[in-house]
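Inspection log for the structure reproduced underneath, given as structure tokens.
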Amino acid sequence: MLKSLKLKKNTLLLFAILSFALNSFSQNPGRQLISLNDGWAFQKENGQSINVNIPHTWNDKDVLDDAPGYYRGLGIYKRKLKLDQSSKGKEIFLVFNGVAQEAEILINGKSAGKHIGSYTRFTVSITKFLNFTDDVIEVRANNRFNENIPPLTADFTFFGGLYRNVNLLITEPVHFTQNDSGSSGVYITTPQVSANLASIQVKSLIDNSSSTTKKIQINNRLVNADGKEIASQNSLVSIASGENKIIVQDFKTVKQPKLWSPENPYLYRIITKISDAGSKVVLDQISNPLGFRWFKFDAEKGFFLNDKPLKIIGVSRHQDYEGLGNAVPDALQTKDVELLKQMGGNFLRIAHYPQDPLILEACDRLGILASVEVPLVNTITESEAFTTNSLNMQTEMIKQNFNHPSVVIWAYMNEILLRPKFANDKPRQEIYFNHIRELAQKLENLTRKLDPSRYTMLVNHGAFDNYNRVGLTKIPMIVGWNLYSGWYSGIPADFGKFLDRHHKELPDKPFLVTEYGADADPRIRSFQPVRFDKSVEYATKFHQTYLNAMLERPFVSGGMAWNLADFNSETREETMPHINNKGLLTIGRQPKDTYFLYQAYLSDKPYLKITSAQWKTRAGIADSLKLTSTQPLQVATNQKSAELFLNGKSLGVKEATDHICEWQVPFIDGMNQIKVVSGFNTDEADIDFQLQPYKFSDKIPFENINILLGSKRFYIDEKNQQLWLPDQPYKTGSWGWIGGEAYKGTNNRILYGSDKNILQTDNDPVYQTQQVGIKQFKLDVPDGEYELVLHFAELVGGETKEALAYNLDNNHKKEIEEQRIFNVTINNVLFLEQLNLAKDFGYTKAVEKKTRLTIQNGKGISVEFNEIIGKPVLNAIQLRKIY
Ligand code: GCB
């Protein structure tokens, strides 16, 4: 087996260094915890072996290519483990923070343990498998579809791999249990807590794996944030060989405890120690965070923390990152919680699965309240194994995260009735609903038993009646609603009506808006924003409406925007294929305008930010014959008004509406200095503007233009440094289309352009809109030498993919294919003969046709489209002047 490892010399050197570190490093008396992230050999089943470090996923690249799907199968990791002889007699464990999604751990070829589920920690005892000379760890991870393991389907990518930290844990034979669903072995509760007085109960689970009875002392120290001891408790017990003992110690009176809250997340710690009663040698020690706080969800008055009302405003988070999949380094993970804090948010919905332990540690530290949930998304399998796995996941989630003061809610099930199975067999569907209800009830009962101190939550989509009828609004203590009126269906104003409906019909049930959001592709801008155009501007309006509606209603405990950042969802197509663009940050964590909008709503200090500064290179057509182009510019603020200056000249004071001030700014060609002032606050931005002539006879010299047909969008292609403009009907002396209309999709799908992945391009928005039935495109350019590019894609027909489950308006009937053959002539010379996009290139393929033209005698450019069969189309056009 070692031969197959193909480990390089330098990797072996690393092991040598590690074995040294392993013997000299001990961060806690009694135990060693050492990262094993380095020096692994990895191969897919039947694949090539490569050297990798952890965190690692095998899907970081294949989720982004045009080929549908990604590798879902077996991945094998191997690594040597060089243990010193002095480790003999100790207990040795491997601690995996997350392996996706089925894992088997082998030591020297023998199975030492298995785990199911991608998102929770597990510990494997390996002591009895070790030879202490040339041990080899093998992890067989598999992310295949398994109908018994949640999640079954979801709007995120199920990356495979050893994608969270791996540690080696070496303990004495008497130690905190490693046999309790990945818990720390210590449970802390505060049975009583007020600003005057608190009590603490600490439950320690201790194992004795030695062959004799041991007399031990358990010591618990309560220390404050400065590490100063506030109180201490000791117990002497004896623990028999092989026994698992639970020791309970109480701190009855902690006077005037400092409370934990978002403004002041004061943390104490409990340090729990096991020592040998005779020799006083420390056998094991761990420390856990402790925050004193109490909370309440009230159906009429909302959420209260430490008796004070607190409107919850936060986000949900997925764990992946640009280019890395879910194998994200520690620093980037923690950064996400910091970004939420800086946004002014006070809540993190850890969705749709438990995440790296670092996340809740950061929430504790930064004062972010949190909910955690298990990944039962969209559907369930009616099998015993599915139920068992779900209950195990819930147990692991609760036990592993029990001591975090930030956690206030344990949740399970997300939109479990989104597209219920057996739609054509109602009696069978009732049986399915019964199974869902039973499983929900089991999860509910388990959660209340394991942790009566927190709330439970079940998250639904907007089908109010269905969830009520199936009984899913009754079971949990809080209902979560994921609401998308104005995105997948209806209009944004329907959102408020839904909130009122819940309040009226379920007056005793507290609720949270667990999701709301609209896609915003940071490359797309619009001055006429509409649903599904993916413009940043539409998302800004959407979030304003939602925030206002929640803030106006005291009975709404709060809401979490979907999502903190854009995230991978392999099956999605649209403007940025494989990515869900509902983030307030991009997938590389750059803020969008919406992130600044939240800062404006939530900041308690004066706030002023030119949100449009994110759109730093713009283009536009000159205002009639002037040397300016007037476009709106937005500023997010929590002040009443602000004054804007363009290149030093005031454009006046504007009042803020819903935290946004907007000016009409006459941009000049080149750099525009923008400054906004409100009281003592200022913000500045430089916007580089490309002025396009209103008429080609203008003083403004024409250089090049890029036009999207059938579109009101501006598209910024940063990679190729090209700015695309919306189209216009032809105007004499200028440019534009003649004939036809914008592509509207088929089967009355209410979409903006096409939502299909355009193949062989990263510039999908260039091809997703088009003018259908176009007769001519004219550009009245002066004489000269030009390069002209026409862009086409056949948007209708091809494979019918399953509709995105969330898109509730989309009934997704098969499209009626249109035959389309046409000629294209340029200035009366045939350019493309019998163009048949579907036949010649295939459906949804980017087709680019480029030519050079010598324009003489003031004729300008006229591109003509002559139909042979069906309607001619044009998706985009570019013109560049050479001489
Ligand atoms: C939802 C789901 C979430 C999706 C989101 C969306 O309701 O809970 O997983 O990603 O909608 O963007 O459609």
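Annotations for the structure displayed:
- Remark: segment 438-501 projects, on average over all directions, an area of 4.9 nm² (convex hull of Cα atoms).
- Most to least accessible of THR190, THR153, THR272 (protein chains only, probe 1.4 Å): THR153, THR190, THR272
- Rounded to the nearest 10 degrees, the inclination of helix 9-24 to the longest alpha-carbon principal axis of the chain is 40 degrees.
- Folded to 0 to 90 degrees: helix 384-401 orientation relative to the chain principal axis, Cα: 80
- Overall form of segment 222-349 per C-alpha gyration tensor (a/c, 1.5; a/b vs b/c): oblate
- Check: segment 649-770 dipole with +1 on Lys, Arg Cβ and -1 on Asp, Glu Cβ, in debye: 480
- 19 Å Cα-Cα threshold exceeded, pairs from LYS78/LYS110; LYS301/LYS582; LYS474/LYS582: LYS301/LYS582; LYS474/LYS582
- Nearest-20 debye value, the chain charge dipole, Cβ charges on Lys, Arg, Asp, Glu: 1760
- For the Cα trace of segment 276-343, dividing Rg by the Kirkwood Rh returns an Rg/Rh value of 1.20.
- Against the criterion of solvent-accessible heavy-atom surface with a 1.4 angstrom probe, THR628, THR657 sort, most first, into THR657, THR628.
- Distant alpha-carbon pairs in segment 606-692 (separation over 15 angstrom), percent: 53
- Pairs beyond 31 Å (Cα-Cα), from LYS203/LYS280; LYS712/LYS850; LYS616/LYS839; LYS128/LYS203: LYS616/LYS839
- Cα pair distances exceeding 18 angstrom across segment 164-216, given as percent: 51
- Each residue of segment 36-43 is assigned a 3J(HN,Hα), and the resulting list reads 10, 6, 9, x, 9, 9, 10, 8 Hz, derived from the Karplus form 6.51 cos²θ - 1.76 cosθ + 1.60 (θ = phi - 60°), x at Gly and Pro.
- Normalised alpha carbon radius of gyration of the chain [divisor 2.2 N^0.38 Å]: 1.06
- Selection from PRO782, GLN256, GLN333 lying farthest towards where the dipole of the chain points positive, charges on Cβ: GLN256
- Counted over all Cα-Cα pairs of segment 501-559, pairs farther apart than 18 Å make up 45 percent.
- For segment 701-881, the C-alpha radius of gyration sits at 1.04 times the compact-globule guess of 2.2 N^0.38 Å, with N the residue count.
- Taking the charge dipole of segment 607-699 about its Cα centre, with +1 at Lys and Arg Cβ atoms and -1 at Asp and Glu Cβ atoms, the residue from ALA685, TRP615, SER697 reaching farthest to the positive side is SER697.
- Along segment 629-636 the Karplus relation, 6.51 cos²θ - 1.76 cosθ + 1.60 evaluated at θ = phi - 60°, assigns HN-Hα couplings of 9, 8, 9, x, 9, 10, 10, 9 Hz to successive residues, with x for each Gly and Pro.
- In plain terms, if you count all Cα to Cα distances in segment 186-290 and split them into 10 Å steps from zero, the share in each step is 14, 45, 26, 12, 3, 0 percent.
- √(5λ) per eigenvalue of the Cα gyration tensor, segment 503-662, largest first, Å: 30, 22, 13
- Alpha-carbon centroid distance for the pair segment 358-424 / segment 638-702, whole angstrom: 47
- Principal-axis analysis of the Cα atoms of the chain puts helix 593-602 at an angle of about 60° to the longest axis.
- Ranked by solvent-accessible area (1.4 Å probe, protein heavy atoms only, all chains present), the residues LYS426, LYS592 order from largest to smallest as LYS426, LYS592.
- Pairwise inverse Cα distances across segment 94-234, averaged and inverted, put the Kirkwood hydrodynamic radius at 18.4 Å.
The values are calculated or read from the model by the stated rules, or taken from the named source; none is laboratory data. Nothing here was measured: the structure is a model prediction, and the numbers come from that model. Please note: Cβ atoms are built from the backbone with ideal geometry, for glycine as well, and neighbour counts cover all protein chains shown. Only protein heavy atoms, including side chains, enter the accessible area calculation; ligands, DNA and RNA are left aside. Shrake-Rupley method; radii C 1.70, N 1.55, O 1.52, S 1.80 Å.
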